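Presented below is the structure to which this report refers.
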Amino acid sequence: REFTYNVISLEISGTKLADQVRAPALVREVDMAAHWPDERKQREAIFSTKFGKTLFSFENKYPRVEHYCLMSASSSYTGFHIDFTGSSVWYHVLRGTKVFFLVEPTAANITAYEKYLDKKDTRFFGVIVTKCSRVTVNQGETLLIPAGWIHSVYTPEDSLVFGGNFIHARSIRMQQTITAHEEKLKLKKHLKYPQVDAVAFFYVDNLVKKVTGRHHIRPVSKDQQHRSWQYVGDDFIKLKGHHRIPDEKDKKWTWVWRKGEGLRKVRVTSHQQIKESHEYDLVKHAFAEFENVYLKNVDVKNFHLKDHPHIFYHPESFEVEYDLEETEHPCGLPLPENLPDIVIDDGVLRSTVHPSEIVELTHLLKKLLEKEDIDLPAGLTRPNSLLFCLE
């Protein structure tokens, strides 16, 4: 062969091929990104004209790192690296063979790796550290790489592999260590785990909801999509919406989900009226419990209202939660005096979360509170109260 090709970054989520692929059960169980709200899985079709043809790509509004298709020719090699943000990896060899060289991410080894990169050392990194393990993954076998492990991959024969990245609550400190490592190397944003702060907030919100019953994420209805965005969650995939190839007309059209009608194509308007939503009366009732709220473009999912709703809305505008000016509260506005304190029952917490995760979560919350710039997810309300309730 004149050239040796090694395709290692082809993410296939939301494609026909992804219909045939599923991550191991363990990965699906612990992946923090699994708590990303289904109705907030959206994308936007981006079109450009080149060489007389109209081409398209997708800008995703949620992390897409869970399903990769890797195609490697014989003798290809991927040098030593750490997967972004210290994420863990699942790796299934469908055809061929892969040989991994693995180095534990101790403080000494990470420092040695940083020097190795800084000096552009051409030696095999495995001979620089005290210990480097070799693992051969044969056809039909699956390898799980723990958070932060430094590794390289050799392909002795043509291979086809499926894999993915995931972050989980039992390796938060290591993930934070690798995040600091990436900042030291000044890695660009596209080389890091996408929207990692948002993933953390959605995960913590899910935990707080289980323990206290309070929900800090404003629900969204699938029939209230943002302009030119496409819902691409579970219902979209079940109805094979991802099998359709977008065309240039999608600039003016989008796919929406309507109760009783399923998935259908509608013309995009700049301002969909909330009165079109079947939840409109529920929304009005919910906001009647609080001060006047700016209702324009409010979106909400079906939910049951109780005498004392647990969903926190800002009394004037949702957008104010994104304005993180310097205050006494690093993550936004202080709690109003009329809201009762959140009481965490230690017994409930320990029956819901593994003790090892509690230790890791404490570290995560501390790091989030220290950050000056936080990537808040869409729909998050009262981020400060969400963090402080587990402080």
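The values are calculated or read from the model by the stated rules, or taken from the named source; none is laboratory data. Nothing here was measured: the structure is a model prediction, and the numbers come from that model. Note that we place each Cβ from the backbone using ideal geometry, even for glycine, and neighbour counts take in every protein chain shown. Remember, those area values only see protein heavy atoms, side chains included, never the ligands or the DNA or RNA. Shrake-Rupley method; radii C 1.70, N 1.55, O 1.52, S 1.80 Å.
Here are the numbers for the structure shown:
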| quantity | calculated |
| --- | --- |
| Table column - 3J(HN,Hα) (Hz), region 130-135, Karplus curve with 6.51, -1.76, 1.60, x for Gly and Pro | 5, 9, 9, 9, 10, 10 |
| Convex hull per residue volume in Å³, alpha carbons only, for region 107-233 | 211 Å³ |
| Approximate spin-label separation residue 38-residue 378, in nm, with each point projected 7 Å along Cα-to-Cβ | 1.8 nm |
| Difference of contour (0.36 nm per residue) and Cα-Cα distance, residue 49 to residue 154 | 34.0 nm |
| Entries in 61/98; 50/188; 41/186; 209/366; 53/238 that, when Cα-Cα distance is taken, lie over 24 Å | 61/98; 50/188; 41/186; 53/238 |
| Residues of region 36-92: accessible area per residue with a 1.4 Å probe, Å² | 43 Å² |
| Net charge contributed by nearby residues that have their C-beta within less than 9 Å of residue 148 (K/R +1, D/E -1) | -2 |
| Region 97-172 - Debye-derived log10 I(q)/I(0), Cα point model, q = 0.15, 0.28 Å⁻¹ | -0.63, -1.31 |
| Amide H partners (placed H, <5 Å) of residue 158, local residues excluded | 74 |
| Heavy atoms of residue 110: accessible area, 1.4 Å probe, square angstrom to 10 | 10 Å² |
| Whole-percent carbon and sulfur share, accessible surface of region 1-160, 1.4 Å | 53 percent |
| Where region 104-155 is the region considered: accessible area per residue in Å², 1.4 Å probe | 60 Å² |
| Net charge, residue 170 excluded, C-beta distance under 11 Å - Lys, Arg +1, Asp, Glu -1 | -1 |
| In nm, spacing of pseudo-spin labels at residue 346 and residue 108 (7 Å Cα→C-beta vector) | 3.8 nm |
| Residue 81 accessible area, assembled protein chains, probe 1.4 Å, Å² | 50 Å² |
| Within region 1-84: Cβ-based charge dipole about Cα centre, in debye rounded to nearest 20 (Lys, Arg +1; Asp, Glu -1) | 320 debye |
| Estimated inter-spin distance, residue 354 and residue 122, nm [label 7 Å along Cα→Cβ] | 4.5 nm |
| Per-selection metrics, region 1-77 (Cα): Rg and Dmax in Å | 16.3, 47 |
| Residues whose placed amide H lies under 5 Å from that of residue 150, excluding near-sequence neighbours | 103 |
| Sequence of 32, 174, 71 when ordered by accessible area, the most exposed leading, probe 1.4 angstrom | 71, 174, 32 |
| Fully extended contour minus Cα-Cα distance, from residue 210 to residue 370, at 0.36 nm per residue | 55.1 nm |
